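All remarks here apply to the structure that follows.
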């Protein structure tokens, strides 16, 4: 399992603060994401790589999987959770063929719900331990890593798309007409 965050002492974590971290990511990134046009969101970073639609689709899948983990680890600590086939999930859900606004709305709605759910976790449950893909981790760290994973992908997208998609237009030969 790839980890994106450094583990904090779960006993020092706070559900409201973790929820606010996620809410902050949504507030900071949505204004930029909504500026991307359908064309910009459809162009892969380079051949064989995902488009913005597919990256956000991957983050939707991450939200779905991690929301389940967050709930299950509260119900029964110590559970062993499997990973998921990320590429297959993205391919089978055809995010590349879906309208950008729909993909973005789903991502936002799922993460608003994740924010709500995390805010209501009892502090003592953040220290609950489970196995994810064979790695032992606390519920608190699972949430920290979820947020860091999202930030990682959004930062990479911003680099290859550029502000407002200028890099996409230049690299794909788009002249901006109709974009």
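Observations, loosely collected:
- Residues that are surrounded by 12 or more Cβ atoms within 10 Å (Cβ to Cβ) and over 17 Å from the mean Cα position of the chain (by Cα) were ranked within segment 100-127; the one that is nearest to residue 43 (Cα to Cα) is 119.
- For segment 95-106, the condition holds for at least one residue, the condition being that it is farther than 18 Å from residue 154 by Cα and in contact (Cβ under 8 Å) with a residue 60 or more places away in the chain.
- Close Cβ contacts (under 8 Å, 6 or more residues apart or on different chains) running from residues in segment 21-40 that are under 16 Å from residue 53 (Cβ atoms) to residues that are outside any helix (DSSP H, G or I) and modelled with pLDDT of 95 or more comprise 38/99.
- Qualifying position, being in contact (Cβ under 8 Å) with a residue 40 or more places away in the chain and either touching a strand residue (DSSP E or B) at 6+ places or on another chain (Cβ under 6 Å) or on the phi < 0 side of the Ramachandran plot (or both), among 92, 67: 67
- A single entry from 111, 65 fulfils the requirement of being in a helix (DSSP H, G or I), under 16 Å from residue 157 (Cβ atoms) and at pLDDT 95 or above: 111.
- Verdict on residue 48 being on the phi > 0 side of the Ramachandran plot and either without any contact (Cβ under 8 Å) to a residue 40 or more places away in the chain or outside any helix (DSSP H, G or I) (or both): yes
- Pair list, Cβ under 9 Å, 6 or more apart: segment 148-172 residue on the phi > 0 side of the Ramachandran plot and part of a helix (DSSP H, G or I), other residue surrounded by fewer than 16 Cβ atoms within 10 Å (Cβ to Cβ) and at pLDDT 95 or above: 164/32; 164/35; 165/35
- Subset of segment 130-144 [farther than 17 Å from residue 26 by Cβ and within 14 Å of the chain's Cα centre (by Cα)]: 142
- Residue list for segment 1-43, filter: surrounded by 14 or more Cβ atoms within 10 Å (Cβ to Cβ), under 16 Å from residue 161 (Cα atoms) and at pLDDT 95 or above: 29, 30, 32, 33, 36, 37, 39, 40, 41, 42
The values are calculated or read from the model by the stated rules, or taken from the named source; none is laboratory data. Given the structure is predicted, the values throughout are model-derived calculations rather than measurements. Using ideal geometry, Cβ is built from the backbone for each residue, glycine included, and neighbour counts are taken over all protein chains shown.
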